[in-house]
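Input: a single structure, listed below in structure tokens.
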Amino acid sequence: MNIPHLPVLRFGRSYESLDKLEIKDHRSGELMARVSTINAGILRKDFRKLGEARAALRKFSVAQLIELSAKAGEYFLNGTLPFGDQGHTQNADEYVETLSATSGLPHVMVRRNMAKIHYSLTHLAEVLNGLSRGLDLSILDTGFGEQFGTKLSFFPTGQALGLVMPSNSPAVNSLWLPAIALKTPVVIKPGREEPWTPWRLIQAFIAAGVPAQAFGFYPTDHEGAGEILKSCGRALIFGDKATTQQYANNPAIQLHGPGWSKILVGDDCIENWREYIDVMAASISDNGGRSCINASAIVVPKYADEIADALAQKLGPIEPAKNDDPDARLSGFANVKMADFIDAQIEDGLQTPGATDATAKYRNEVAQASSLCSPEKHRLEACATARKVVFDGGTYLRPTIVLCDSFQHPLANKEFLCPYASVVQVPQAKMLEQIGYSLAVTAITKDAAFIDQLSAFPEIERLNIGPVSTMKISWDQPHEGNMFEFLWQRRSIERAW
């Protein structure tokens, strides 16, 4: 059998390395593809060509690149594209099946992520209009111009955009898509279990007419990732707090770590809490709970016990399903050790007084033990708790709602790669003192004074007022930073001619 091979893409040149990763189906162990990997030395050599990569994009206007990006969106969503360098191709259905097999995301979630990426690419003019605050983007073609009654000039902040990508959710690739229209080459270190989306996007851009020289695809090790972050001028890194914190004081690196997103209910709306259970549950569980904008805490001034129980009743019975089940709501773990670690962390946290797993009694452990924990060898290790289960060869974590007595409890402000949230009772007047940093906050309130406080609170990056899912995202607004301002900076200019 001819196994697909994904080469390193070195700004228009394919390269097969002696060192390769084998990417396997997380359930069956079937080999899906081999991926060439390189070391930091090759990256340092190739980075001498970043000027050429940028020059390849400078031949186009921003308007032309926006048009080509829209074509790339159609190729990505519907096209049959090259899949490696051994003559293989991959259509959209095959992409869905491959990504699902190696990442654990069910087909329905992969398709939703595809739709988000397609929307971003096909609405790039609107996205850039929002991020640039209505700038006439042709000013970037010449470097200067006049608009809003003033002289304007912009310069690129780096030679390229470096990307150290995760494996948890394909839609995070939407963050870097504006870079191409902004004439910035990309250098991508893909996630180990998810090279498929960056590869397919690159092939879609090339099919649309964007020069291959604008793309670097570099599966590499920790040292290589560091070289990408150091040498491109601008970079994005995804990871946990320990990974991202070391770059916290480097303005050239945009950090995408835990979101600690939350739903707050005000005093004026809490009596109607039953009306908001659906939006709370969706915020916690959509996309398998894997997103940084999934709600990981529900903060209420009263009725915490009742709300935790209602959420537990709604989410607790959710079980794994076949990958191609259109109603699948949980994602499997390609890295079983990660599932073990998360399950152990929750169990350890529950040993601290002040927390109760509200979902435990709704997981139907008996039915699970008989129907989900097969074959026999998995019965003890997978069914020791009802949270972690084995189904169809894959390992899953079922939803967990934890009622915490305060934000001081170790499980109150935690985020995990599964549907997890705490429910914490805090007086409205003390909420902003206690919640800490939050990437997304949905505030269910009509209290004008409280809304003013929320609007002025600097630790919230995305604010939704009313019963809006924390998962709602508008790419024409900043998300952990503004990509336009990250890649282009305004300078003062005067011209005598």
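Any read-out appearing in this document is the output of simple, stated calculations on the displayed coordinates, not a laboratory observation. Quantities reported herein were computed from a predicted structural model and do not represent experimental measurements. Glycine also receives a Cβ, built like all others from the backbone with ideal geometry; neighbour counts cover every protein chain displayed.
Judged by the gyration tensor of its Cα atoms, with axes a ≥ b ≥ c, region 5-257 is prolate; a/c meets the 1.5 cut and a/b is the larger of a/b and b/c. Sorting 3, 228 by the number of Cβ atoms found within 10 Å of their own Cβ, with the fewest placed first, yields 3, 228.
Using only alpha carbons, region 261-465 has a radius of gyration to Kirkwood radius ratio (Rg to Rh) of 0.99.
Set the Förster distance to 30 Å, then compute FRET efficiency between residue 129 and residue 408 from the Cβ-Cβ distance, nearest 0.05.
Plugging the Cβ-Cβ distance into 1/(1 + (r/R0)^6) gives 0.10.
Pull out the extension gain between residue 491 and residue 457, defined as 0.36 nm times the separation in residues minus the alpha carbon to alpha carbon distance; nm, one decimal. Could you put the intermediate results ahead of the total?
Numbers: separation 34, 0.36 × 34 = 12.24 nm, distance 2.97 nm.
Gain in length upon complete extension: 9.3 nm.
In region 1-129, the convex hull through the Cα atoms has an average projected area of 9.7 nm², a quarter of its surface area. For the pair residue 473 and residue 275 in one chain, pulling the backbone fully straight at 0.36 nm per residue adds 69.1 nm over the alpha carbon distance.
Residues 442, 220, ranked from the fewest to the most other C-beta atoms within 10 Å, line up as 220, 442. Backbone amide hydrogens, once placed in the peptide plane, bring residue 89 within less than 5 Å of 83, excluding anything fewer than 5 places away on its chain.
Which of the listed residues, 233, 196, 279, is farthest toward the dipole's positive end in region 187-289, when Lys, Arg count +1 and Asp, Glu count -1 at the beta-carbon? Highest projection toward the positive end goes to 233. Note on 99, 18: ascending count of other Cβ atoms within 10 Å places them as 18, 99, the fewest first.
Farthest towards the positive end of the charge dipole of the chain, among the residues 210, 358, 417, is the Cα of 210, using unit charges on the Cβ of Lys, Arg, Asp and Glu.
Counting only DSSP beta bridges with both residues in the chain, tell me the antiparallel percent, nearest 5. Please report the intermediate quantities before stating the final value.
Numbers: 27 of 68 bridges.
In the chain, approximately 40 percent of DSSP beta bridges are antiparallel ones.
Any number yet on Rg/Rh for region 437-497, C-alpha, Kirkwood? My calculation of the ratio gives 1.19. Put a plus charge on the Cβ of each Lys and Arg, a minus charge on the Cβ of each Asp and Glu, and nothing anywhere else: the dipole of the chain about its Cα centre is then about 1580 debye. Pop out the Kirkwood hydrodynamic radius of the chain from its pairwise C-alpha distances, inverse of mean 1/r, in Å to one decimal. About 23.9 Å, per the Kirkwood formula over Cα pairs. Spread over its residues, the convex hull of the C-alpha atoms of region 135-204 is 100 Å³ per residue. Among 125, 145, 92, which residue has its Cα furthest toward the positive end of the charge dipole of region 92-146, with +1 on Lys/Arg Cβ and -1 on Asp/Glu Cβ? It is 92, whose Cα lies furthest towards the positive end.
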